[in-house]
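Data first, discussion second: the structure below is written as structure tokens.
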Amino acid sequence: MMNKYLFISFLYLCGMQHIALAQESVIWTDSTLTFDYGDIDYGPVYPHEFVFFNNTSDTLSIETIRVDCGCTVPDWENISIPPKTYGSILVTYNPKRHGYFSEKVRVFFRELKKPEILKVSGFVFKE
């Protein structure tokens, strides 16, 4: 009987730790992590700014950002983002081909284990 209570207590504590970790994270101000450029023309570049809120108790810094191809270019300031403040990443899409596109942008923060994955998508018209 005692083992049953210990096991239940252990599960409860693990669940509480998971809830605490989930509350401390990066919160993106867009409703989703995907930005749809819609229908765009071939030729010009198309910027979009992703804004996030540091909801952790630690200062965050972006270690690196990786993209799927050279047509998607991220730009960010190499600064520390204090707790409870905002930061941003500018993602510019440069159409290199016609048709539908969907590109991933992986944001690696030094202090977080998993990358945050953003996406940009749209449709490029022919000239």
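The values are calculated or read from the model by the stated rules, or taken from the named source; none is laboratory data. A quick note: this is a predicted structure, and the numbers were derived from the prediction, not measured. Using ideal geometry, Cβ is built from the backbone for each residue, glycine included, and neighbour counts are taken over all protein chains shown.
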Check: Does any residue of the range 73-83 turn out to be of a type in the set (D, E, K, R), surrounded by 14 or more Cβ atoms within 10 Å (Cβ to Cβ) and within 17 Å of LYS119 (Cα to Cα)?
Finding: no
Note to self: Go through the range 55-66 and report how many residues are surrounded by 13 or more Cβ atoms within 10 Å (Cβ to Cβ) and either more than 12 Å from the chain's Cα centre (by Cα) or closer than 14 Å to PRO95 by Cβ (or both).
What the structure shows: 7
Item checked: For THR56: the one exception among (1) modelled with pLDDT of 95 or more; (2) assigned to a loop (DSSP other than H, G, I, E, B) -> (1)
Check: Can you tell me which residue in the range 59-76 is nearest to GLY99 (Cα to Cα), limited to those that are outside any strand (DSSP E or B) and in contact with a strand residue (DSSP E or B) (Cβ under 8 Å, 6 or more places away or on another chain)?
Finding: CYS71
Margin query: Give me the residue from the range 32-44 that is within 12 Å of the chain's Cα centre (by Cα) and either aromatic (Phe, Trp, Tyr) or loosely packed, with under 13 Cβ neighbours inside 10 Å (or both) and, out of that set, modelled with the highest pLDDT.
Written below: PHE35
Check: Can you tell me which residues in the range 22-49 are assigned to a strand (DSSP E or B) and closer than 20 Å to LYS113 by Cβ?
Finding: VAL26, ILE27, TRP28
Notebook entry, point to check: Would the range 109-120 turn up any residue that is at pLDDT below 90, buried (at least 16 other Cβ atoms within 10 Å of the Cβ) and under 30 Å from THR59 (Cβ atoms)?
Noted result: yes
